[in-house]
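**Student:** Just dropping this structure here.
Nothing in this text is a laboratory measurement; each read-out follows from the coordinates by a stated rule. Keep in mind that what you see is a predicted model, and the values were worked out from it rather than measured. Backbone-built Cβ (ideal geometry, glycine too); neighbour counts: all protein chains shown.
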Amino acid sequence: MQMILLALVAVAAADDLDSREHIPIVAETRQEPVDGASASDFESGNGIRFAQKATAGAAGGSNAEGVYSYPDEFGNLIEVRYVANEFGFQPQGAHLPVAPPAPAHVAELLRIAEQQRAAGITFE
């Protein structure tokens, strides 16, 4: 009985895969890694684009910067530029939310904390 159920699930899944639209890759280039540096880009038939350049990072990781874009459900082009390095993934894009500015007293508190660190004051 389990075999029959598994067979039916497999057939249903395969049918779903066949009904998906085929989206071709219309352009693609790659520079294979040499001394930690690489580059790649591609464009698909549905308007998705990606380009990235990477270099070896100081701590053995990889530093990358790039851009990707895609059309949203309304046909608007969404573009994200990014840097990814020892400080993490740092995306930028007009569609991304932006935090409100910190209140003025936060700058004063940060200044006081820096003075305390410089004077050797620490808190456990």
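**Student:** As an exercise, use a Förster radius of 30 Å and the Cβ-Cβ distance of Val26 and Ala59 to find the FRET efficiency, rounded to the nearest 0.05.
**Tutor:** After rounding, the FRET efficiency stands at 0.20.
**Student:** Something else now. For segment 19-118, which GluC sites (Glu not before Pro) are in a loop by DSSP, counting at most 16 other Cβ atoms within 10 Å?
**Tutor:** Working: sites: Glu21, Glu28, Glu43, Glu65, Glu73, Glu79, Glu86, Glu108, Glu114; in loops: Glu21, Glu73, Glu86.
Within segment 19-118, the qualifying GluC sites (Glu not before Pro) (loop, at most 16 other Cβ atoms within 10 Å) are Glu21, Glu73, Glu86.
**Student:** Trypsin sites (Lys or Arg not before Pro), restricted to segment 58-124: which are DSSP loop and have at most 10 other Cβ atoms within 10 Å? Walk me through the intermediate numbers first.
**Tutor:** Details: sites: Arg81, Arg111, Arg117; in loops: none.
Taking segment 58-124 and a limit of 10 other Cβ atoms within 10 Å, no loop trypsin sites (Lys or Arg not before Pro) are found.
**Student:** Another one. Could you list the chymotrypsin sites (Phe, Trp or Tyr not before Pro) in segment 74-124 that lie in coil according to DSSP, counting only those with at most 14 other Cβ atoms within 10 Å of their Cβ?
**Tutor:** Here the chymotrypsin sites (Phe, Trp or Tyr not before Pro) that fit, given the DSSP loop and packing criteria, are Phe74, Phe87, Phe123.
**Student:** Counting pairs of alpha carbon atoms under 8 Å apart in space and at least six apart in sequence, what relative contact order in percent does segment 36-124 give? Please report the intermediate quantities before stating the final value.
**Tutor:** Details: 117 pairs, mean separation 14.0, N = 89.
RCO, segment 36-124: 16 percent.
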